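All remarks here apply to the structure that follows.
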Amino acid sequence: MAKPKIAFYWCASCGGCEEAIIDLHEDILKVAELIDIVFWPCAMDFKTEDVKNMQDNEITVCFINGAIRTSEQEEMSKLLRKKSQLIVSFGACSQLGGIPGLANFWDRESIFASSYGGKCPSVDNPDGVVPQEVSEVPEGELYLPRFHNTVKTTDQVIDVDYYLPGCSPAPYLTMQAITTILSGDLPTKGTVLAPNKALCEVCSRNDSKPEKLSIDKINRVSLVEVDPEKCFLAQGIICMGPVTRSGCNGENDGRCIAANMPCRGCYGHPSEVHDVGAKMVAALASVVGLEDEEDMSEADVQKLLDQIVDPAGTFYRFSLAKSYFRRKIMTDSKEEK
Amino acid sequence: MKDFEPKIVCFLCKWCTYSGADLAGTSRMKYPPNGVVIKTLCSSRVDPQHILLAFSKGCDGVFIGGCHPGDCHYQSGNYKTKRRIILLKKVLKQLGLNTNRLRLEWISASEGKKFANTMVEFTDQIKKLGPIPKINCE
Ligand code: SF4
Ligand code: SF4
Ligand code: SF4
Ligand code: FES
C-alpha cells in the first residue's frame, strides 16, 4: 500500500511552528518510515509546481502554520486545500491570527505609511520607496503578492479539518495528532486536538486563589517581585488562564506558569468561549475592585481599570483575527463625549 | 442621515428595567420603537460577548438596563456589570468603535418615564452617530 503523504506549509509565520516539527526529534523518525513528506518548503527543496502537478486529494494531510497576510498565502492555502484530504491548522497564527493578527489594529494604509513612510526607526528608506504589486523593469514586469488589509486565520480562507493550538503547538500534541490521523480513526471535523479544559483547572496555583478574590491594584511582571506559588491574578498580574485552553504542558501547569510567567493565551479558547477579549473583560471585571464595590464611584472604578495598559492588545494578543470584530474599525472615530 | 432608523438591542433586567419598560408601555408613554428588548435575569447575565456579537452583526447601539445600586436582586450583579461595561468600553475604543453606542443605565420598575426618556435620548444619539460602519475584512 502507498504510504500516506504529508505536507507542511507556512504562511505569515515566525518559523517557530516549523521548529516545533523539528522538535519532534526522534519521534518523527518513528513515523517517518510510515509516511512520505511530499512538500515542506522550509526544510526541503520543493516548488509550487510540484504541488500543482499533484492529483486532487493526493496529500493525506497538510499542516499549515502562519496567518494569511498576502494573496500568495491565500492562493497557496487554496491550492493545498485542493490537493489534500485533510488540512490541519497548525499553531496560534493559523488558528487565531496569532501575533501577526495584532496588525489588525491597523490597516494596509497605516502599516505602509509607518513601514515605508519614514515612521519606522529601523527602516532606512530615504526615497520613500513603497512596494508595488506590479513594477516595470527593463526585462518586463515584476509582481509582488497583494498585502491584504486584514490578517486572516486559515479557516477564514479555506475549509479546515482540525486545529493544533499553541504558539507553537507542543510536540506531544503534534505526535498525538499525526498518530491519530494515520490510524484512520478520525475525530469529528473541526476538533481542536488538545484538551478542552481551561488552564486554571490544571494549574497548581489555582488553590491559592482566595475564595473571594478581589484585585485592588494591577501589577506588571516586570515591575514586581513575583511570588512563585501564588496565582498570578491573586497577585494583581493579568493571567489569561481563565479563558485559555490547557494542554501546552500536558496536565501540568502551563509552560509559562511553570517558568513563573503569567499565561498570555497562546492556546486560544476552550470551546465554550467565542471571543477571548470579551470573555476576559468579564473574568477580570468580576474580580477587580470587588472589595469595596458598593462604595466605589464610577470615577474610582475607571481609575482602577485604567491601570490595565492596552487591554485589547493584552486580551486579544493571539486572537484578534478570530474575534467577533476580527479587526479594528477604522471609520467610527467621531468625537466622543 | 434623515432616513436612518438605528437597530438597537436592549438587554433589560427582569427585576427592574424590564418592568420599567412595561410600565412605560401600559402608561402609553411615547418612545421610538428602535430597541429590540431581550429580557435577562440580571444585568450581570449580559456577557460582554453578547455585546460584541451584537455590534459585529451590525447593531448600531446596545443598551443595558439594570437595578439601581443596592437594589440588584442578586445583591451585587449590577456592580459587576458596571465594571464590565467600563472595561469593555476601553476595549471597544481600541477596536475603533465609538463607545457612545453602548449605554448602561439603572432604571427601576417604577421609572417608566425614565425608561421612555432614555430611549428617546439614546435613539437620537445613535441617529447622530449614524449606522455602525461595516468592518472591512478584505
Ligand atoms: S504560532 Fe507562534 S511559533 Fe507558530 S508561527 Fe505563529 S508566532 Fe511562530
Ligand atoms: S489565573 Fe493563571 S496563575 Fe491563576 S490559577 Fe489560572 S492559570 Fe494559574
Ligand atoms: S501558559 Fe499560556 S501562553 Fe504559556 S504556553 Fe501555555 S497557553 Fe501559551
Ligand atoms: S437583578 Fe437587576 S441588575 Fe441584578
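The values are calculated or read from the model by the stated rules, or taken from the named source; none is laboratory data. Because the structure is predicted, anything quoted here is derived from the model rather than measured. All Cβ positions, even for glycine, are placed from backbone atoms using ideal geometry, and neighbour counts span all protein chains on display. Calculation scope for accessible area: heavy atoms of the full protein, side chains included, ligands and nucleic acids excluded. Shrake-Rupley method; radii C 1.70, N 1.55, O 1.52, S 1.80 Å.
Taking only protein heavy atoms into account and a 1.4 Å probe, give the accessible area per residue of chain B in Å².
Numbers: 6230 Å² over 138 residues.
Dividing the accessible area of chain B by its residue count gives 45 Å².
Which of the aspartates and glutamates could a cross-linker bridge to B:Lys93, judged by Cα under 17 Å and excluding same-chain residues fewer than eight apart?
B:Lys93 reaches A:Asp107, A:Asp275, A:Asp306, A:Asp310, A:Asp332, A:Glu335, A:Glu336, B:Asp60.
Round to a whole angstrom and tell me the spacing of the C-alpha centers of region B:49-124 and region A:253-329.
19 Å
Loop only per DSSP, at most 13 neighbouring Cβ atoms within 10 Å: give me the GluC sites (Glu not before Pro) in region A:122-187, ordered by residue number.
Values: sites: A:Glu133, A:Glu136, A:Glu139, A:Glu141; in loops: A:Glu133, A:Glu139.
Loop-located and lightly packed - A:Glu133, A:Glu139.
About the Cα centre of region A:115-170, what is the dipole size in debye to 20, counting +1 per Lys and Arg Cβ and -1 per Asp and Glu Cβ, all else neutral?
Working: 3 positive and 9 negative charges, 68 e Å.
With only Lys, Arg, Asp and Glu charged at Cβ, the dipole is about 320 debye.
With a 1.4 Å probe and all protein chains left in place, how much accessible area per residue does region A:199-322 have, in Å²?
Working: 5610 Å² over 124 residues.
Value for region A:199-322: 45 Å² per residue.
Of all trypsin sites (Lys or Arg not before Pro) in region A:81-169, which ones are in loop regions per DSSP and have a Cβ with at most 15 other Cβ atoms within 10 Å?
Values: sites: A:Arg81, A:Lys82, A:Lys83, A:Arg108, A:Lys119, A:Arg146, A:Lys152; in loops: A:Lys119, A:Arg146.
Filter output for region A:81-169: A:Lys119, A:Arg146.
Using the Cβ atoms and a cut-off under 11 Å, what net charge is assigned to the surroundings of A:Pro270, where Lys and Arg are +1 and Asp and Glu are -1? The partial results should precede the final answer.
Numbers: positive: A:Lys197, A:Arg245, A:Lys279; negative: A:Glu201, A:Glu272.
Residues close to A:Pro270 contribute a combined charge of +1.
Other chains' Cβ within 10 Å of A:279-292 residues: what's the mean?
Values: counts 4, 3, 15, 10, 2, 3, 12, 5, 2, 4, 5, 4, 0, 1.
Mean inter-chain Cβ contacts per residue within 10 Å come to 5.
Which residues belonging to region A:111-152 lose at least 10 Å² of 1.4 Å-probe accessible area when the assembly is complete, relative to their chain isolated?
Those residues are A:Arg146, A:His148, A:Asn149, A:Thr150, A:Lys152.
So which aspartates and glutamates pass the test for A:Lys212, namely a Cα distance under 15 Å, with those fewer than 8 places away in the same chain ruled out?
Cα-Cα hits under 15 Å: A:Glu291, A:Asp292, A:Glu293.
If you count only protein heavy atoms with a 1.4 Å probe, what accessible area per residue comes out for region A:1-60, rounded to a whole Å²? Could the numbers behind the result be given before it?
Numbers: 3600 Å² over 60 residues.
Ligands and nucleic acids excluded, the result is 60 Å² per residue.
If a/c stays under 1.5 just call it rounded; otherwise compare a/b with b/c (prolate if a/b is bigger, oblate if not). Do that for chain A, with a ≥ b ≥ c from the square roots of the Cα gyration tensor eigenvalues. Intermediate values should be presented prior to the final figure.
Working: a/c = 2.35, a/b = 1.31, b/c = 1.80.
Oblate, since a/c reaches 1.5 and b/c is not below a/b.
Enumerate the amide H contacts of A:Asn219 below 5 Å, restricted to partners 5 or more residues apart or on another chain; note that Pro and chain-start residues carry no placed amide H.
Counting only residues 5 or more places away or on other chains, the set is A:Ile237, A:Ile238.
Total Å² of accessible surface buried at the B-A contact, 1.4 Å probe, nearest 100?
Values: alone 8260 and 18380 Å², together 22740 Å².
So the buried area, both faces added, is about 3900 Å².
Only protein chains counted, 1.4 angstrom probe. Which residues of region B:124-138 are at least 10 Å² less accessible in the assembly than when their chain is isolated?
Residues passing the criterion (a loss of at least 10 Å², heavy atoms only) are B:Gln125, B:Lys128, B:Leu129, B:Pro133, B:Ile135, B:Asn136, B:Cys137, B:Glu138.
On the accessible surface of chain A, probed at 1.4 Å, how many percent belong to carbon and sulfur atoms? The partial results should precede the final answer.
Working: 8520 of 16520 Å².
Carbon and sulfur together cover 52 percent of it.
Accessible area of region B:8-129 with a 1.4 Å probe: how many percent of it is carbon plus sulfur? Intermediate values should be presented prior to the final figure.
Numbers: 2570 of 4960 Å².
Of the solvent-accessible surface of region B:8-129, carbon and sulfur hold 52 percent.
Tell me, what HN-Hα J-couplings in whole Hz come from the Karplus equation 6.51 cos²θ - 1.76 cosθ + 1.60 at θ = phi - 60° for each residue of region B:60-72, using x for Gly and Pro?
8, x, 10, 10, 10, x, x, 6, 4, x, x, 9, 4
Give a quick list of trypsin sites (Lys or Arg not before Pro) in region A:193-236 that DSSP marks as loop, anything other than H, G, I, E or B, with at most 16 other Cβ atoms within 10 Å.
Counting only loop positions with at most 16 other Cβ atoms within 10 Å, the trypsin sites (Lys or Arg not before Pro) in region A:193-236 are A:Lys197, A:Lys212, A:Lys217, A:Arg220, A:Lys230.
Find the centroid of the Cα atoms in region B:23-39 and in region A:181-222, then give the distance between the two in whole Å.
Between the Cα centres of region B:23-39 and region A:181-222 lies a distance of 43 Å.
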